[in-house]
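A.B. asks: Got a structure here, written out as structure tokens. Questions coming.
Read the figures in this text as sums done on the coordinates, not as results from a lab. Bear in mind that the values here come from a model prediction, so they are computed numbers and not experimental data. A quick note on method: Cβ atoms are made from the backbone with ideal geometry, for glycine too, and the neighbour counts reach across all protein chains shown.
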Amino acid sequence: MGARRAGRPAGSWQNWARTQRANPRRVARPRDVGELVQEVGAATAAGTRLRAVGAGHSFTGAAVTDGVHVHLDALAGFERVVTRPDGSALVTVGAGIRLAALNAGLAARGLALRNLGDIDAQSLAGAISTGTHGTGARLGGLATQVVGCRVVTGTGDVLDVSPEQDPDVFELARLGLGTAGVLASVTLEAVPSFRLLAREEPSSLHEVLERLDALVDGNEHFEFFWFPHTDRVLSKRNNRATDDEDRPLSPLRHLVDDELLSNGVFTLTNRVATARPTLVPRLNALASRALTARTYTGASADVFVSPRRVRFREMEYAVPREHVPDVLREVDAWLRTTGDPVPFPVEVRFAAPDDLWLSTAHGRATGYVAVHQYHRMPYRRYFDAVERIVAQVDGRPHWGKLHGLDHTRLAELYPRMPDVRRVRARVDPAGTFRNAYVDQVLGPPA
């Protein structure tokens with residue numbers, strides 16, 4: 001059966017956060033690269049737009065189209081593992097694989113990714129294409145671990161690209177909002193599996209900001225969550241465990257902390273906040289005082305990833321690392337002045353500078369400030385205020401999270417934007433992979 005008959009009638013689609021909806025003309029589920037090539041070729045020939053869609057975890061309209069929606073769920077297997085003498089490996093997988101399945105498959109082979117974000121529901125293609133990252137002053141985002149891609153371009157070509165083979169297309173394929181084409185497979189550099197020693201403890205915002213450089217540089221992975229309307233934070237320090245460190249988290253503690261408190265009780269807290277916004281400062285004070293320290297060891301992916309079952313909206317900006325304290329103090333001052341209720345913690349993470357064209361950490365040591373709001377509560381005034389604050393220090397928005405910037409301003413923030421436009425014009429001359437969000441943030445191809 002050909003790819004065109006393998007599709008199903010179009011239906012409505014919405015993302016996880018319920019911030020985006022689409023009514024594509026067609027939904028396709030190619031079973032292999034050949035069927036994917038047919039889908040892209042047919043769309044280009046008909047002048048129809050086409051976008052790949054994964055788990056729908058982007059808050060922006062990155063996956064929205066009124067043309068063809070391509071689901072890559074069938075392209076999700078482990079294709080090749082090449083082990084190196086040092087125990088690391090080059091691992092090629094179908095681009096539609098979910099991060100949870102990728103992590104499990106790597107673990108079964110004695111491998112892991114050196115850094116991860118805290119959600120594993122996304123498809124690999126979607127995660128790297130939007131710049132998903134974890135935290136670590138000497139580590140980059142997920143796309144920095146990509147060493148090769150197979151991509152189907154708008155001209156119908158199947159290109160195997162890498163730093164050595166067509167490096168310009170490789171740069172756009174591994175982080176480019178799907179504008180180089182549809183990813184069919186991705187090759188990642190994996191490391192031998194490792195365990196982490198996790199230390200989580202409550203502290204004050206003032207103390208963390210005063211010691212920030214020592215905390216960030218003194219740990220492999222450091223992040224913290226600040227509770228608005230309070231001075232309280234929960235800090236997380238994750239470092240590789242030694243062979244003699246074995247402190248597994250008990251099933252009961254995991255159930256209480258990560259499910260009952262972080263999801264069950266937090267859901268109730270946000271529902272109360274929605275009904276009685278004036279209670280938010282007191283709710284946050286109670287929640288922050290309930291925090292307790294814990295230290296445990298676990299497989300790296302199990303420590304990096306946290307279950308997130310409370311629906312929310314999110315905006316995240318990458319700012320020069322040295323400006324993180326000032327940004328947070330200004331956000332705190334705005335909240336104290338306005339009294340806008342925000343029951344969700346502010347998440348702060350860090351990354352090393354890199355040279356990826358569209359990486360939010362391009363050319364600078366970076367701090368990430370992520371603001372969230374419960375999905376039933378107003379968020380625009382809060383997000384707009386934070387956006388004005390980070391604009392003062394040339395903040396770059398996460399490509400998959402809500403923001404208000406357009407390609408004119410983003411061209412000032414990304415020195416390689418002319419190269420992005422040049423490569424897009426080469427691999428997608430008909431504009432098959434364009435949509436409203438791509439046009440907003442990248443503009444039309446050169």
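A.B. asks: Give me the net charge of Tyr368's neighbourhood, meaning all other residues with Cβ under 13 Å from the Cβ of Tyr368; Lys, Arg count +1, Asp, Glu -1.
C.D. replies: Values: positive: Arg321, Arg349, Arg364, Arg396, Lys401; negative: Asp118, Glu223, Glu314, Glu316, Glu347.
Here the charged neighbours net out to 0.
A.B. asks: Using θ = phi - 60° and the Karplus curve 6.51 cos²θ - 1.76 cosθ + 1.60, what whole-Hz ³J(HN,Hα) does each residue of the stretch 192-199 get, with Gly and Pro shown as x?
C.D. replies: x, 4, 8, 9, 10, 9, 9, 10
A.B. asks: Is the shape of the stretch 58-138 rounded, prolate or oblate, going by the alpha carbon gyration tensor and its root eigenvalues a ≥ b ≥ c, with a/c under 1.5 for rounded and a/b larger than b/c for prolate?
C.D. replies: Values: a/c = 2.59, a/b = 1.51, b/c = 1.72.
Cα axes put the stretch 58-138 in the oblate bin.
A.B. asks: Here's something else I'd like to know. Do any trypsin sites (Lys or Arg not before Pro) in the stretch 151-200 lie in a loop, going by DSSP, with at most 16 other beta-carbon atoms within 10 Å of their beta carbon, and if so which?
C.D. replies: Qualifying residues, ordered by number: none.
A.B. asks: Net charge within 13 Å of Asp439 by Cβ-Cβ distance, Lys/Arg positive one each and Asp/Glu negative one each, not counting Asp439 itself? Kindly include the intermediate steps, with their values, before the conclusion.
C.D. replies: Numbers: positive: Arg49, Arg51, Arg421, Arg424, Arg434; negative: Asp406, Asp428.
So the environment of Asp439 carries a net charge of +3.
A.B. asks: Something else: The stretch 148-293: D in µm²/s via Stokes-Einstein (Kirkwood Rh, Cα pairs, 25 °C, 0.890 mPa s)?
C.D. replies: Result for D is 126 µm²/s.
A.B. asks: Go through Val93, Val327, Met315 and say which Cα lies farthest out towards the positive end of the charge dipole of the chain; charges sit on Cβ, +1 for Lys and Arg, -1 for Asp and Glu.
C.D. replies: Result: Met315, furthest along the dipole toward the positive end.
A.B. asks: Ranked highest first by average number of other Cβ atoms within 10 Å, how do 25-37, 224-236 line up?
C.D. replies: Taking the mean over residues of other Cβ atoms within 10 Å, the ranking is 224-236, 25-37.
A.B. asks: Enumerate the calculated ³J(HN,Hα) couplings along the stretch 151-161 in order (Karplus 6.51 cos²θ - 1.76 cosθ + 1.60, θ = phi - 60°), each rounded to whole Hz, writing x wherever the residue is Gly or Pro.
C.D. replies: Whole-Hz 3J(HN,Hα) from phi for the stretch 151-161: 10, 9, 7, x, 8, x, 7, 9, 10, 9, 10.
A.B. asks: Using just the helices of the chain, give the 222 nm mean residue ellipticity in deg cm²/dmol: DSSP H runs with n ≥ 4 each add -39,500 (n - 2.57), and the total is spread over all residues, rounded to 500.
C.D. replies: Computed ellipticity for the chain at 222 nm equals -8500 deg cm²/dmol.
A.B. asks: Mind grabbing the base-10 log of I(q)/I(0) for the chain at q = 0.13 Å⁻¹? Debye formula, identical points on the C-alpha positions, no solvent, two decimal places.
C.D. replies: With one equal scatterer per Cα and no solvent, log10 I(q)/I(0) is -1.21.
A.B. asks: Only Cα pairs within less than 10 Å get springs; with that Gaussian network setup on the chain, which residue of Gly136, Gly181, Gly156 has the largest fluctuation?
C.D. replies: Fluctuation is largest for Gly156.
A.B. asks: Rounded to two decimals, what ratio of Rg to Rh does the stretch 96-189 give with C-alpha atoms and a Kirkwood Rh?
C.D. replies: 0.97
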